[in-house]
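Taking it in order: structure first as structure tokens, then the write-up.
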Amino acid sequence: MTLFAPLIAIALLIALPLAGLAASGEGLLAVGVPYAALAVLVVGFVRRIARWANAPVPFRIPTTAGQGRSLDGIKPDRLDNPATTWGVLGRMALEILCFRSLFRNTKQRLAPPARAESAGDKAAATARPVYVSAKGLWFFALLFHGSLLVIVLRHLRFFLTPVPTWVDGLIALDGLFAVGLPTAYLSDAALLAALLFLLLRRVLIQQVRYITLAADYFPLLLIGAIAVSGLLLRHAFKVDLNQVKALAVGWATFSPAVPAETEAFFFVHLFLVCALAAYLPFGKLMHGAGVFLSPTRNLANDNRRRRHVNPWNAPVKVHPYEEYEDEFRGKMKAAGIPVEREEGS
Ligand code: HEM
């Protein structure tokens, strides 16, 4: 069921534009839906960021995984326990560009017993759980995000006139091996391979399957459907790219021109992209923006060097000792309790 519901949702997202095209023509799908999706994306994104940005962070809670800054003779770990803004920037940059914490991913397995039970030592004869490095997830996660970025950047050729030289360069580099006609892109192959790994990991590994929700399958399947529909557009259906470009430039300049006689399958690709855009602020894909606002990552660990006063502290009515003594001086003296000051001094 966890996988079934997202599969049905993707099938509907493919069928809907085809049905819509037959019922109401290109206008709604080429103009109405993209603008509506963009509006949902912008409003949803801003609201989610505003909610996170307004969450009180009354004290610093960076994740520390190394020696904190301390005495002069003790070497601090500047990246894993950053004490300065530069340290935080270095840690964030490595996290965002290289997925550094995922690089340390481990998995548990049972190691064979050290000795046979006949030796009499029961503990040595039982299998032991050991933790070993697991770089697969790190590698494919990096491949997935990297290839998606390259594909999105390559799509800029539809939106920009003239096409910037760096976009042309990226396209040439991505099709370097000139396999097939039209050229197959390296980033497309990388994206499909990474998607397959990420999906199979959730389906085949029992422990991962147990904690996987429909909300984990859905974005993977949706991005997979976008990639496959894009590949079909390029290699099977052959859409008129001039019309696509006129439409995309029209969106960007707020004067969209509804394309005449465009390949129907183009609207499947476009509708899936719109669905992704509208879904983005509400699901786990917001981690892309959330990582920048994560207090366990974006704060320096200077808790012991600096006094942090919670800016949201409500004023508290305090009763210091001086006032206490003024109030009870008479009674204290009568009871023989020493006082610090005499009345009026
Ligand atoms: C999240 C956004 C998007 C993703 C991940 C995506 C993905 C892809 C992929 C993987 C391909 C296969 C060929 C290639 O890599 O160029 C493709 C092709 C294509 N996409 Fe997208 N796409 C996205 C957004 C869009 C948008 C907004 C448009 C509309 C302007 C569009 C129009 C096309 C067209 C026309 C092709 C065929 C290109 C060709 O024949 O060379 N895509 N897309």
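Taken together, G175, G146, G169 contain a single residue that is surrounded by fewer than 17 Cβ atoms within 10 Å (Cβ to Cβ) and free of Cβ contacts under 8 Å to residues at least 40 places away in the same chain, which is G169. The condition (being at pLDDT 90 or above, assigned by TED's automatic domain parsing to the domain that holds G25 and surrounded by fewer than 16 Cβ atoms within 10 Å (Cβ to Cβ)) is satisfied by just one residue among L272, L195, L204: L204. Just one of the numbered conditions (1) assigned to a helix (DSSP H, G or I); (2) polar (S, T, N, Q); (3) at pLDDT 85 or above; (4) over 30 Å from G224 (Cβ atoms) is not true of N81: (1). With the condition kept exactly as written, say whether any residue in the range 324-339 is farther than 30 Å from Y217 by Cα, part of a loop (DSSP other than H, G, I, E, B) and open to solvent by less than 50 Å² (accessible area, probe 1.4 Å). The answer is yes; a qualifying residue exists. Number of residues in the range 180-198 that are within 16 Å of the ligand (Cβ to nearest atom) and over 20 Å from R157 (Cβ atoms) equals 6. For T212, the criteria (1) touching a residue at least 40 places away in the same chain (Cβ under 8 Å); (2) open to solvent by less than 50 Å² (accessible area, probe 1.4 Å); (3) more than 12 Å from the ligand (Cβ to nearest atom); (4) closer than 28 Å to A257 by Cβ hold in every case but one, which is (4). Screening the range 238-259 for residues that are touching a residue at least 40 places away in the same chain (Cβ under 8 Å) and open to solvent by 20 Å² or more (accessible area, probe 1.4 Å) and picking the one that is nearest to the ligand (Cβ to nearest atom) gives L241. Number of residues in the range 260-304 that are within 15 Å of the ligand (Cβ to nearest atom), touching a residue at least 24 places away in the same chain (Cβ under 8 Å) and of a type in the set (G, A, S): the value is 5. A count restricted to the range 154-178 and to residues that are closer than 18 Å to N242 by Cα and either in contact with a helix residue (DSSP H, G or I) (Cβ under 8 Å, 6 or more places away or on another chain) or within 12 Å of the ligand (Cβ to nearest atom) (or both) stands at 13.
The values are calculated or read from the model by the stated rules, or taken from the named source; none is laboratory data. Fair warning: this is a prediction, and the values are worked out from it, not measured in the lab. Because the Cβ atoms are built from the backbone with ideal geometry, glycine has one as well, and the counts that use them run over all protein chains shown. Side chains are part of the model used for accessible areas, which takes the heavy atoms of the whole protein and leaves out ligands, DNA and RNA. Shrake-Rupley method; radii C 1.70, N 1.55, O 1.52, S 1.80 Å.
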